[in-house]
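Contents: one structure, followed by commentary.
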Amino acid sequence: MRVIDFHTHPYRPTDLAPATWQFITSISPAVKKYGDRLNDPHFVADVLRADGVDHAVVLAEHCPATSGNVRTETVLEICSIEPDFFLPFASVDVNTDPDPAGLLRSYIDRGVRGLKLYPSYQFYYPNDPRVYPIYELCQQARIPVLLHIGSSVMPGTRIKYCDPIHLDDVAVDFPDLTIVMAHGGRGFWYDVCAFLAAHKPNVYIDVTGLVPGKLLEHFPDLERMSAKVVFGTDWPAMPKSVKFNADTIGALGLSDAALRRILRENAARILGLPRT
Ligand SMILES: [Zn+2]
């Protein structure tokens with residue numbers, strides 16, 4: 001089955017913190033195999049297409065205090081080179097951008113398809129009132145917000161900000177905003193994420209960074225909640241390949257309809273892509 005990868009990162013060694021880059025090079029077969037050839041967006045798109053991917057979300061990462069500083073402008077530029085394949089997501093930071101909402105407005109005008117927030121790397125709770133104007137803009141523009149929700153081993157990260165319970169407020173206060181929890185609460189919040197995704201119409205789980213063969217351990221009701229789960233990988237910061245992860249999920253014993261929803265259809269709907 002051809003898939004949509006809801007969660008990839010651009011190859012930007014010099015924009016990342018040394019520890020982040022060291023971590024990626026230590027785990028990524030793609031970085032080991034291709035190295036700086038990954039600077040070419042055409043090459044990256046071809047690698048991912050060969051792995052069964054039809055579209056890939058590319059995430060900016062504006063976390064100057066911790067993991068790195070891949071600005072949205074960079075991601076827009078990369079995506080413009082393969083516009084039918086890559087979908088740019090913006091990143092703004094309420095702690096370091098003087099006018100994060102104004103900045104996001106400019107990125108929306110330039111065509112971003114969503115926003116990535118990194119509460120544990122940017123140091124705020126998702127229901128911080130300072131983030132509300134940003135949610136308001138995303139809701140108006142009908143673009144999803146993807147938040148890092150789960151543990152992380154990067155130096156300087158403050159995991160407390162990623163407790164998914166804080167999204168309960170956001171889901172209630174912005175009923176027309178699509179909220180996607182990247183990593184599904186990895187480590188110790190799987191049940192909270194599953195509850196939110198099951199009971200809040202606008203809340204989803206992105207399975208990036210989870211061992212695909214263990215998804216049913218984390219989410220025993222995966223079949224029943226398959227309309228609320230999207231496939232993502234963190235590529236190239238992943239230990240296997242996109243195809244390996246998709247095939248492993250394909251072998252979990254889920255129905256064909258559930259698999260289609262998780263690997264493709266839910267992401268297409270959230271991203272406003274035509275159904276195929
Ligand atoms: Zn990621």
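The values are calculated or read from the model by the stated rules, or taken from the named source; none is laboratory data. The model shown is predicted, which means the values in this text are computed figures rather than measured ones. Cβ sites come from the backbone with ideal geometry, for glycine too, and all protein chains shown count toward neighbours. Heads up: the accessible areas ignore ligands, DNA and RNA and are worked out on the full protein's heavy atoms, side chains in. Shrake-Rupley method; radii C 1.70, N 1.55, O 1.52, S 1.80 Å.
Structure values in brief
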{"quantity": "Residue among V229, V192 that is aliphatic (A, V, I, L, M) and either more than 13 Å from the chain's Cα centre (by Cα) or under 23 Å from Y132 (Cβ atoms) (or both)", "calculated": "V192"}
{"quantity": "Of all residues making up segment 133-157, the number that are of a type outside the set (G, A, S) and over 24 Å from L104 (Cα atoms)", "calculated": "3"}
{"quantity": "Hits in segment 32-41 - residues which are surrounded by fewer than 19 Cβ atoms within 10 Å (Cβ to Cβ) and within 21 Å of the chain's Cα centre (by Cα)", "calculated": "N39"}
{"quantity": "Scope segment 51-65; condition more than 9 Å from L87 (Cα to Cα) and β-branched (V, I, T); matching residues", "calculated": "V53"}
{"quantity": "Segment 259-276: number of residues that are open to solvent by 60 Å² or more (accessible area, probe 1.4 Å), at pLDDT 95 or above and more than 17 Å from G114 (Cβ to Cβ)", "calculated": "2"}
{"quantity": "Members of segment 139-152 found to be without any contact (Cβ under 8 Å) to a residue 40 or more places away in the chain and in contact with a strand residue (DSSP E or B) (Cβ under 7 Å, 6 or more places away or on another chain), listed by number", "calculated": "I143, V145, L147, H148, S151"}
{"quantity": "Test for D163: is it away from the ligand (no atom under 16 Å from the Cβ), touching a residue at least 24 places away in the same chain (Cβ under 8 Å) and more than 27 Å from P212 (Cβ to Cβ)", "calculated": "no"}
{"quantity": "Residue list for segment 223-251, restricted to those being farther than 20 Å from H55 by Cβ, of a type outside the set (S, T, Y) and touching a helix residue (DSSP H, G or I) at 6+ places or on another chain (Cβ under 6 Å)", "calculated": "E223, M225, P239"}
{"quantity": "Number of positions in segment 242-258 that are in a helix (DSSP H, G or I), open to solvent by less than 40 Å² (accessible area, probe 1.4 Å) and away from the ligand (no atom under 16 Å from the Cβ)", "calculated": "6"}
{"quantity": "Helices (runs of 4 or more DSSP H) contained entirely in segment 7-83, each with at least 1 residues that are without any contact (Cβ under 8 Å) to a residue 24 or more places away in the chain, touching a His at 6+ places or on another chain (Cβ under 7 Å) and farther than 23 Å from N95 by Cβ", "calculated": "none"}
{"quantity": "Checking Y125 against (1) closer than 26 Å to A17 by Cα; (2) open to solvent by less than 30 Å² (accessible area, probe 1.4 Å), the condition it does not meet", "calculated": "(2)"}
{"quantity": "Every pair of residues 6+ apart whose Cβ atoms lie under 9 Å, when the first sits in segment 185-210 and is in contact (Cβ under 8 Å) with a residue 24 or more places away in the chain and over 23 Å from I143 (Cα atoms) while the second is charged (D, E, K, R) and open to solvent by 60 Å² or more (accessible area, probe 1.4 Å)", "calculated": "Y190/E217"}
{"quantity": "Single match in P155, P220, P119, P129 (criterion: within 18 Å of N95 (Cβ to Cβ) and either free of Cβ contacts under 8 Å to residues at least 24 places away in the same chain or of a type in the set (F, W, Y) (or both))", "calculated": "P129"}
{"quantity": "Selection status of L76, under 17 Å from the mean Cα position of the chain (by Cα) and either open to solvent by 40 Å² or more (accessible area, probe 1.4 Å) or within 18 Å of G232 (Cβ to Cβ) (or both)", "calculated": "no"}
{"quantity": "Test: residue in segment 109-127 that is part of a helix (DSSP H, G or I), away from the ligand (no atom under 16 Å from the Cβ) and more than 15 Å from the chain's Cα centre (by Cα)", "calculated": "yes"}
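Here's the yes/no breakdown for (1) farther than 22 Å from V3 by Cα; (2) touching a strand residue (DSSP E or B) at 6+ places or on another chain (Cβ under 7 Å); (3) of a type in the set (S, T, Y):
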residue	(1), (2), (3)
A171	yes, yes, no
L216	no, no, no
D221	no, no, no
R224	no, no, no
S241	no, no, yes
T248	no, no, yes
S255	no, no, yes
A268	no, yes, no
